[in-house]
Amino acid sequence: MTALARPTHGRMIGGVCAALARRFGTSATTMRVIFLLSCLLPGPQFLLYIALWILLPAEDKSHTAW
């Protein structure tokens, strides 16, 4: 598994689904379909997406040397 960071390439809106797909080893399309299907269920999916968009660092900012 890789670090959770929003990629600069291959993102549609905020890069959250692309980051989650990269983290869990699936395609970004699969993760987007899962997100859209989850929107049919009651819950705070859009709020979670916005929160992850704010909290996840962009890929270029997450490459700091430790």
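The values are calculated or read from the model by the stated rules, or taken from the named source; none is laboratory data. Note that the structure is predicted; figures quoted are calculated from it, not measured. Ligands, DNA and RNA are excluded from the accessible area calculation, which covers all protein heavy atoms including side chains. Shrake-Rupley method; radii C 1.70, N 1.55, O 1.52, S 1.80 Å.
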**Prompt:** Pick from 56, 48, 40: which is most flexible by mean-square fluctuation in a GNM of the chain where alpha carbon atoms under 10 Å apart are linked?
**Reply:** 40
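How high is the relative contact order of the chain, given as a whole-number percent (alpha carbon pairs under 8 Å, six or more residues apart)?
RCO, the chain: 38 percent.
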**Message:** Between 28, 19, 51, where does the largest GNM mean-square fluctuation fall for the chain, given springs only between Cα atoms within less than 10 Å?
**Reply:** 51
**Prompt:** Calculated from DSSP H runs of 4 or more alone, at -39500 (n - 2.57) each and per residue, what is the 222 nm mean residue ellipticity of the chain, nearest 500?
**Reply:** -14000 deg cm²/dmol
**Prompt:** Quick one: if you take sqrt(5λ) for each eigenvalue of the C-alpha gyration tensor of the chain, what semi-axes come out, biggest first, whole angstrom?
**Reply:** 22, 13, 10
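Rounded to a whole number, what % of the accessible area of the chain do carbon and sulfur atoms account for, probe 1.4 Å?
Carbon-and-sulfur percentage of accessible area, whole number: 71.
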**Request:** At 1.4 Å probe size, with every protein chain present, just tell me what the per residue accessible area of the chain comes to in Å².
**Result:** 75
